[in-house]
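Trainee: Got a structure here, written out as structure tokens. Questions coming.
The values are calculated or read from the model by the stated rules, or taken from the named source; none is laboratory data. In this text, all values refer to a predicted model and were calculated from it rather than measured experimentally. Cβ placement follows ideal geometry from the backbone for every residue including glycine, while neighbour counts extend to all protein chains displayed. Side chains are part of the model used for accessible areas, which takes the heavy atoms of the whole protein and leaves out ligands, DNA and RNA. Shrake-Rupley method; radii C 1.70, N 1.55, O 1.52, S 1.80 Å.
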Amino acid sequence: MTETRRKEDRASGSIRAAIRKELAEDAQQDNIDGIDTDNVEGRPVIEIEEVSLAFDQPILEDITLSAKEGETIVIVGESGTGKSTALKLILRLLVPEKGRVLIDGEDITHLSFEEALKVRQKMGMVFQGAALFDSLTVFENIAYPLREHTDLDEDQIEERVRQKLQFVDLEPDEVMEKLPSELSGGMRKRVGIARGLANDPEIMLYDEPTSGLDPLTTGTITRLIMKLQRELKVTSIVVSHDIRSVFKMATKVALLHDHKIVFFGTPEEMSAAEDQYIRAFLGQT
Amino acid sequence: MSELILRLNAQAKSTVLSIQEYFTLAWNSLRFIFARPFYTQDLIQQMDEIGVKSLGIVLLTGLFTGMVLALQSSVQLQTFGATMYIGRLVAGSMIRELGPVLAGLMVAGRVGSGIAAQLGSMKVTEQIDALNTLGTDPIKKLATPRVLAALIMLPVLTVINDLVGIIGGNIIARFMVGLPSSLYWRTVWEQIMSGGFTMRYIPNDFVQGLTKPLVFGAIISITACYFGLRTTGGTEGVGQATTKTVVTSSILILVVDYFLTQLLLSVLQTQ
């Protein structure tokens, strides 16, 4: 073994040790039992089977992963490896050239546009920039899916909006009448989560939920995603760059490299992996 | 050489695809007018945005166009001692051509750019994707109310534009040419009656004058929604979408106006 290799090993070993230590500290600090990464039993809610997609050049190649009920799968990888594209496939905003995407056992690949809109009602999506409707107030943003797809009267809608805002640790009376432009980045993300949750979806999808946030707000959003998993048993797919948050919230991690999944397993398996690229990825991050 | 052919081929394919997307958007926007859910609140808001808020520029444009038409025609008609026909000339020009075209161009500049900028901003900030993920068809929610509002409001604006233009002509005829108002309005009436009638009671000038803004309303709103919903590349993309909307819809209005006039004249003359 060369000296360089020994130095790399020592470095990656210390990274893994640091991650394990941080996990233990976070669990203690948050007073959370931690996410059970081994014993998530249940039916598969999301299945991506040998999916390939290319536009001018390959985006995803032979991707296979599945999420069981209540699991949080975090997709990580370098920029431009197709992480957000995977979310768009689950939402049926894109159609794969090869392979299938199943939601609750139903193949959504060949659904019509109108049928896909119905399937999307099972899902809540939190966008990187929150994507709140800037002409609507916070209340109207969260009420939007309820007004669109339910027969709830205005009182019931208000009650539901208040409930969702409280769930994401926002004071309803303080924020409901504000416009998205009047909120901080972290508050916008939380309102985005509340809007995604409005219809009580069984699946939540997050695109870079902690990007652009300060460390404290990042922690708040991460805890919120974990709270959702713990209390509502929502199946989640998270695309993230923030490895600290990934290790806290993931039941499984999928690592994308060169348009392929090069690792799919628990955070512990990932931190113990000997693969050169995985070690480099953890080290770089 | 072969590289040039390949590039031309790719360009041709891209153009055909764009045209196909344009007409697909047009078809979907129009067919959703009759499909539930109806976004009545959005429709009213857009009617206010497209119609009421454009009233100022349409009034100004109409007034000054009518005035300048009367002024120019008075100079020419004085040569033949036929200034009494100023009303005919102003009414014919305003109702058949200038009213619809000028209202269309004004609305394309004010409203078309606004729609493209708004939808473009929504696209680059992922609000369109958010609508999709919330189970709403963005065309039904965003394009249809705008297209329907333009279809309703552009004929209304055109009628106002025509009326104000004819009034502007009256002002010039009365105070600068010395033509009595009663005579001016009588010749206006004669002009409207002289063009023949559709279904016995509708003057052909009105058929021309109201068909055009309907088509122009569709052109402006669909073009704006098309470029707005296709926006990419952040704020720069929004700027490009806005410019493309105004340029394309203005050119389309002028080109379609010619062919529509040909068509309407041939149809109305055969009746």
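Trainee: Spot the failing condition for A:N39; the list is (1) out of contact with any Leu (no Cβ under 9 Å at 6 or more places or on another chain); (2) farther than 26 Å from B:T136 by Cα; (3) open to solvent by 70 Å² or more (accessible area, probe 1.4 Å); (4) at pLDDT 85 or above, and only one is missed.
Mentor: Only one criterion in (1) out of contact with any Leu (no Cβ under 9 Å at 6 or more places or on another chain); (2) farther than 26 Å from B:T136 by Cα; (3) open to solvent by 70 Å² or more (accessible area, probe 1.4 Å); (4) at pLDDT 85 or above is unmet by A:N39, namely (4).
Trainee: With the checklist (1) part of a strand (DSSP E or B); (2) within 14 Å of another protein chain (Cβ to nearest Cβ); (3) of a type in the set (A, V, I, L, M, F, W, C); (4) over 16 Å from the mean Cα position of the chain (by Cα) in hand, flag the one item A:L53 doesn't pass.
Mentor: With (1) part of a strand (DSSP E or B); (2) within 14 Å of another protein chain (Cβ to nearest Cβ); (3) of a type in the set (A, V, I, L, M, F, W, C); (4) over 16 Å from the mean Cα position of the chain (by Cα) applied to A:L53, the lone miss is (2).
Trainee: I'd like to check which helices (runs of 4 or more DSSP H) are fully inside the range B:95-171 and have at least 3 residues that are open to solvent by less than 10 Å² (accessible area, probe 1.4 Å), closer than 30 Å to A:R195 by Cβ and touching a residue at least 40 places away in the same chain (Cβ under 8 Å). So that I can check it myself, show each step before the final result.
Mentor: On the way: elements: B:99-107, B:113-124, B:127-133.
Per the criteria, B:113-124.
Trainee: If you take the residues in the range A:250-285 that are in contact with a Pro (Cβ under 9 Å, 6 or more places away or on another chain) and open to solvent by less than 10 Å² (accessible area, probe 1.4 Å), which one is farthest from A:T222 (Cα to Cα)?
Mentor: A:V253
Trainee: Could you check the range A:87-108 and list, in sequence order, the residues that are open to solvent by less than 10 Å² (accessible area, probe 1.4 Å) and touching a Leu at 6+ places or on another chain (Cβ under 9 Å)?
Mentor: Selection gives A:L87, A:L89, A:I90, A:L91, A:V101, A:I108.
Trainee: Taking the range A:151-204, which residues are aliphatic (A, V, I, L, M), surrounded by fewer than 17 Cβ atoms within 10 Å (Cβ to Cβ) and touching a Ser or Thr at 6+ places or on another chain (Cβ under 8 Å)?
Mentor: Result: A:L179, single match.
Trainee: Can you tell me which residues in the range A:224-248 are of a type outside the set (A, V, I, L, M) and assigned to a strand (DSSP E or B)?
Mentor: Hits for the range A:224-248 are A:T235, A:S236.
Trainee: Taking the stated definitions as given, is B:L71 touching a Cys at 6+ places or on another chain (Cβ under 7 Å), on the phi < 0 side of the Ramachandran plot and aliphatic (A, V, I, L, M)?
Mentor: Judged against the criteria, B:L71 is not a match.
Trainee: State the number of residues belonging to the range A:137-147 that are at the interface with chain B (Cβ under 10 Å from one of its Cβ atoms) and either small (G, A, S) or surrounded by fewer than 18 Cβ atoms within 10 Å (Cβ to Cβ) (or both).
Mentor: Residues that pass the stated criteria total 1.
Trainee: Further, regarding this structure: If I filter the range A:116-136 down to residues being of a type in the set (G, A, S) and out of contact with any strand residue (DSSP E or B) (no Cβ under 7 Å at 6 or more places or on another chain), which single residue comes out as nearest to the other protein chains (Cβ to nearest Cβ)?
Mentor: Once the filter is applied, the top-ranked residue is A:A131.
Conditions tested, residue by residue: (1) in contact (Cβ under 8 Å) with a residue 40 or more places away in the chain; (2) of a type in the set (F, W, Y); (3) closer than 20 Å to B:V156 by Cβ.
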{"site": "B:S182", "(1), (2), (3)": "no, no, no"}
{"site": "B:E190", "(1), (2), (3)": "yes, no, no"}
{"site": "B:G196", "(1), (2), (3)": "yes, no, no"}
{"site": "B:I220", "(1), (2), (3)": "yes, no, yes"}
{"site": "B:R230", "(1), (2), (3)": "yes, no, no"}
{"site": "B:G237", "(1), (2), (3)": "yes, no, no"}
{"site": "B:K244", "(1), (2), (3)": "yes, no, no"}
{"site": "B:L254", "(1), (2), (3)": "yes, no, no"}
{"site": "B:L268", "(1), (2), (3)": "yes, no, no"}
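Trainee: Can I ask one more? Hey, can you tell me all the residues within the range B:193-237 that are more than 18 Å from B:I139 (Cα to Cα), part of a helix (DSSP H, G or I) and among the β-branched types (V, I, T)?
Mentor: Within the range B:193-237, B:V207, B:T211, B:V215, B:T235 qualify.
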